[in-house]
Amino acid sequence: MKLRMVIIVTGATGIGKTTVCKKVLELAQNAGYGCGGIITDKMPGATLAVRDIRSGEKAILAVPGGSSIGPFTSKFTFDTKGIDFGIRAIEEGISKDILFVDEIGILEARGGGFISALDMANKRTTKTSILVIRKTLLVNLLPYLDEDPVVFEITAENRDR
């Protein structure tokens, strides 16, 4: 019998959710677990990149402010090519032991971005999915999941553990 688990990493904006995911990823890889999916990286100028965990390749995910490259939020405009790149990385990583999806946010709450990752997590062949979801969006996004996740909230007090 395969243990299936969905872990939600949550917390306030800027608290260190991605930093915790990167540490968990490093520990899992060092322990021999196959990992796939995406991690976001901050680039110069407040640009966000999405990194394919398996290949290490990156694509621009979002740029600050408004532009015509794709959907936007109050802070960022998202590049549709970066979103497509991330979705492909998630699809290719779904068969691994651990699938990381960092970050599911405002676009997904609107039904866009990486929302398909929640459907993939429901149908997954991975043993564990680690999904980063901002705390304020949990109420909107948890109903998309078929099973109850383990929710780990990152705070200033626990993020280094």
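The values are calculated or read from the model by the stated rules, or taken from the named source; none is laboratory data. Since this is a predicted model, take the numbers as computed values, not measurements. Backbone-built Cβ (ideal geometry, glycine too); neighbour counts: all protein chains shown. These accessible areas exclude ligands, DNA and RNA; they are computed on the full protein's heavy atoms, side chains included. Shrake-Rupley method; radii C 1.70, N 1.55, O 1.52, S 1.80 Å.
Do you know which of the residues in the stretch 51-73 that are part of a loop (DSSP other than H, G, I, E, B) and touching a Ser or Thr at 6+ places or on another chain (Cβ under 7 Å) is modelled with the highest pLDDT?
That would be Gly65.
Find the residue count for the stretch 1-50, including only residues that are among the aliphatic types (A, V, I, L, M), open to solvent by 60 Å² or more (accessible area, probe 1.4 Å) and in a strand (DSSP E or B).
The total comes to 1.
Any residue at all in the stretch 113-126 that is of a type in the set (D, E, K, R) and in contact with a strand residue (DSSP E or B) (Cβ under 8 Å, 6 or more places away or on another chain)?
The answer is yes; a qualifying residue exists.
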